1. Can you compute the modelled spin-label distance between residue 69 and residue 99, with each label point 7 Å from Cα toward Cβ, in nm?
2. 5 Å is the cut-off here: which amide hydrogens, built 1.01 Å from N in the peptide plane, fall below it relative to residue 80, excluding neighbours closer than 5 in sequence?
3. Please compute the length gained on full extension between residue 132 and residue 78, using 0.36 nm multiplied by the number of residues separating them and subtracting their Cα-Cα distance.
4. Summarise the long-distance tail of P(r) for segment 133-213 by giving the % of C-alpha pairs beyond 23 Å.
5. Could you point to the residue in 130, 113, 145 farthest towards the positive end of segment 84-155's charge dipole, with +1 and -1 charges on the Cβ of Lys/Arg and Asp/Glu respectively?
6. Going by average Cβ neighbours within 10 Å, how do the peptides 76-83, 110-117 rank, with the highest at the top?
7. Roll a 1.4 Å probe over the protein chains and send me the accessible area per residue for segment 14-115 in Å².
8. Once you keep just the Cα pairs under 8 angstrom separated by 6 or more residues, what percentage relative contact order results for the chain?
Amino acid sequence: PIAAAPPPAAPSGPAPAATGDQLRSLLSPASSDPAYQRWLDRGGLLDRWVVVTDNLAEGVSPRRQLEFLAPPHPFTAAASGDRMVIAPESYARFDGFAATVATVDAHALASAYRALHPVIEAAYRALGYPGASLDRVTARALRRIAAAPVADGPVAIVRTAPGGPYLLADPGLERLPAVEKQLLRMGPRNTRLLQAKARELLRALRLDGATGR
């Protein structure tokens, strides 16, 4: 009988690490936008990076990790004939965020990603995916954004109870994962800005063909 191949050896030594200052110094050149630079100044940058990437890849809203990006004004609805729709003012709440994302140089960010790859992958695997590939989960996250539906016309919404949350009136849209529904609530212009950047990053990172976990 042919002997089975031995299992791969566990990595020796501590997991790769980087300080917050090292992360910021590598990521800072990607954009001079003041808002982007403020994002980098917040603590827990590495943990936030991997959790947000995992959330996006799985279709889960990364809201808890990005509370500091919450728009200053609440969601608003508007009447359109005999139905309620997402108000244009509600889309405008995300204009600043989308504009900042659009300033990011995809190639500069890709360079930082490659330099930090061992550190980010170790942090991602520590979430509970010991054999996972950072490249594959990053590709899944970016492709989810790039492939999300865009609604150019008014998006109808409904309330199932007085004072309750608004839901998307189209059952097909309401069944979408949370990431896609959040992009719909950001409006077509902002969604397209994010999608364009996601596609740029996929090309700059050479992850167009990465699949699986």
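1. 1.7
2. The list, which skips near neighbours in sequence, is 85.
3. On the way: separation 54, 0.36 × 54 = 19.44 nm, distance 4.45 nm.
Extending this stretch completely gives an extra 15.0 nm.
4. 33
5. 130
6. Working: 76-83: 11.8, 110-117: 16.9.
Order by mean packing, descending: 110-117, 76-83.
7. It amounts to 56 Å² per residue over segment 14-115.
8. On the way: 245 pairs, mean separation 58.1, N = 213.
Normalised by residue count, the contact order of the chain is 27 percent.
The values are calculated or read from the model by the stated rules, or taken from the named source; none is laboratory data. Please read these numbers as outputs of a predicted model, since none were measured by experiment. No Cβ is skipped: glycine too gets one built from the backbone with ideal geometry, and neighbour counts run over all protein chains shown. Side chains are part of the model used for accessible areas, which takes the heavy atoms of the whole protein and leaves out ligands, DNA and RNA. Shrake-Rupley method; radii C 1.70, N 1.55, O 1.52, S 1.80 Å.
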